[in-house]
1. Run the numbers on chain B and let me know its relative contact order in percent, using alpha-carbon pairs under 8 Å that are six or more apart.
2. Would you mind calculating the gained length between residue B:63 and residue B:166 on full extension (0.36 nm times residue separation, minus the Cα-Cα distance), in nm to one decimal?
3. Would you calculate the separation in nanometres between label points at residue B:94 and residue A:65, each defined as 7 Å from the Cα along the Cα-to-beta-carbon direction?
4. If you average over every viewing direction, what projected area does the convex hull of the Cα atoms of chain B give, in nm²?
5. Counting only helical runs of four or more DSSP H residues, what would the 222 nm mean residue ellipticity of chain B come to if each run contributes -39,500 (n - 2.57) and the total is spread over all its residues?
6. For region A:45-119, evaluate the Debye formula with one uniform point scatterer on each Cα (no solvent term) and list log10 I(q)/I(0) at q = 0.16, 0.23 Å⁻¹, rounded to two decimals.
7. Could you work out the mean count of beta carbons from other protein chains within 10 Å of each residue's beta carbon in A:75-86?
8. Would you mind telling me which residue in B:111, B:11, B:76 has the biggest mean-square fluctuation in a Gaussian network model of chain B, where springs connect alpha carbons within a distance under 10 angstrom?
């Protein structure tokens, strides 16, 4: 996805996912877990860390194996590698915190189809040596976690007046009219609001419009197109 | 869960716990493909079909895996089955209905990474549905997905004619619209639940 012609440094690889290509706010990828589990800061953090683990581990393995994996079956290989680590993380969470496990439910296993991971595997780890691939994956993972936290804390503060389960406004807090924030529609509204904020900031900085096709599924579509070509 | 009839499961999955708008499954295609009605309809149909096939396959697979005590392989097995099912649907369509195949184009392989499909397989396992219930669940899920997609496409087509502030255009607007739709679907809460 990076269009720069010169080789980016390791620091840039790391920072790319946190700010310039933030998976939640810029690329708008992996939204199913983003919206579904971010009813509280605690859930968001748990989900973010699980995703970081899977992302870093699978990108490490894919980067190491990138010369061995045949082009034709690479997507299937990536998926199996990712699914292995997700199974691992599923059992780890079950062992470490049953509360988190119950809160996240099937969404831990749904990390498999999180587009960020497959997108990173295809677009970055498969083409780069170990160190940049791991750094990039780590940066992306941290960026994703920050995005989840941003969503989760807003929804928890405005929805139930708490942050990480600690009451912020004392006894007299009346749950907002927008109680819906902890319900499904709130997820859409809060993410929409954040995107709006970023779009507004970007517009103030560069007063020309963002190019078309950079939205939700652009990177995914590239993967699909490549996959279709190789499948024939 | 035993007491739920097939009809209840179907209605609940289509309306009150709609896959897209209440459970946040399959959001990427929902936002990506819903810009125009003519792509939304075939995408909804194709996804429903794959969902049904995947649900059947994963039900059979789960019986097999439980029999051999290999539950930890469930996730890997499911994802491989879904990827193969998508490939199969693609080949069948290409052979028997090339026109539809061309119309769907790149959206078919995209279905593999649709979390709604894996979601169906995982939720039906987690809730311990039997074969009939699984079928009703996946059919409802597919219909609900198609319904949400078509509604959203209709709204977004309208939006193109209206004067939207330039900051708002794109994903932010789509998310706000999805939020409104989701709010509307919350009105179905309680439908199909027997008291």
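Derivation of every value follows stated rules applied to the coordinates shown; laboratory data play no part. Because the structure is a prediction, the values reported are computed rather than measured. Note that each Cβ is placed from the backbone with ideal geometry, even for glycine, and that neighbours are counted across all protein chains shown.
1. Numbers: 228 pairs, mean separation 89.9, N = 195.
Contact order relative to length: 46 percent.
2. Fully extending the segment from residue B:63 to residue B:166 adds 31.8 nm.
3. Once both label points are built, they end up 2.5 nm from each other.
4. With the hull built on Cα positions only, its mean projection is 12.2 nm².
5. -23500 deg cm²/dmol
6. Log-scaled intensity ratios, in q order: -0.55, -0.98.
7. On the way: counts 4, 6, 0, 0, 7, 4, 1, 3, 9, 3, 0, 3.
The shielding value for this peptide is 3.
8. B:76
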